[in-house]
Amino acid sequence: MLRTTVVFRTTAFNTTTQKPYFLNPGCFGDDVSRWMIAALRQRGVKTAEEPGQEDFGWYVLFEVDGQEHCFVLGYRPGDTEHEGDCIGTLERSRGLVGSLLGRRQIGVNPKAVQLVHELVSGLPDVSDICWHHEKKFKAGIEDEGATTPGAG
């Protein structure tokens with residue numbers, strides 16, 4: 001089973017200055033999302049014009065093999081012992097009904113996962129990239145991550 005959730009750190013993007021257009025405080029990731037859209041387009045990938053904003057972060061819509069995918073990205077602030085990190089999850093775009101029925105993780109194209117891995121790996125000043133199975137990550141299991149999405 002593919003890992004579709006990635007955690008990583010980068011110092012190249014804003015994680016401290018609140019913007020007036022953020023839906024909520026700490027809604028960082030707009031600049032990373034815009035960078036990803038530009039990088040996808042450089043590879044000839046069809047994307048949405050701009051990233052969308054969620055209450056906790058941002059998302060990027062793009063197509064692979066005619067299938068629309070959604071990369072949802074947020075920032076998890078650090079504490080006294082840990083640095084903050086970015087968390088991204090790759091999903092299929094399924095619309096309202098499909099989302100309500102839990103179908104966003106079904107049919108994620110492995111090519112889309114590999115593409116996101118290549119983009120994240122190419123982020124400026126990126127470190128500590130760790131891929132997770134989405135269900136385990138949501139359950140709080142973060143010690144079973146891997147450096148690539150296709151690993152065991």
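Worth pointing out:
- The stretch 12-57 - Rg over Rh from alpha carbon coordinates, Kirkwood radius: 1.02
- Distance between modelled label sites at GLU54 and THR80, nm, 7 Å Cα→Cβ extension: 3.1 nm
- For the chain, relative contact order (Cα pairs under 8 Å, six or more residues apart, normalised by length) works out to 30 percent.
- Here the simple spin-label model places points 7 Å from the Cα toward Cβ, and for ALA146 and TYR21 these points are separated by 3.8 nm.
- The stretch between GLN67 and LYS111 holds 14.8 nm of extra length on full extension. This uses 0.36 nm per residue minus the Cα-Cα distance.
- Spacing of the two label points (7 Å from each Cα toward its C-beta) at SER127 and LYS46, in nm: 4.0 nm
- In the chain, the calculated helix contribution to ellipticity at 222 nm averages -6500 deg cm²/dmol per residue, counting -39,500 (n - 2.57) for every DSSP H run with n ≥ 4.
- In the chain, the sites counted are GluC sites (Glu not before Pro) in DSSP loop states with at most 14 other Cβ atoms within 10 Å, and the longest stretch holding none of them, exclusive of the sites, is 84-141.
No lab work stands behind these numbers, since they all come straight from the coordinates. Only a predicted model underlies this, so the values are computations on that prediction, with no experimental measurement involved. Counting neighbours? That spans all protein chains shown, and the Cβs are built from the backbone with ideal geometry, glycine included.
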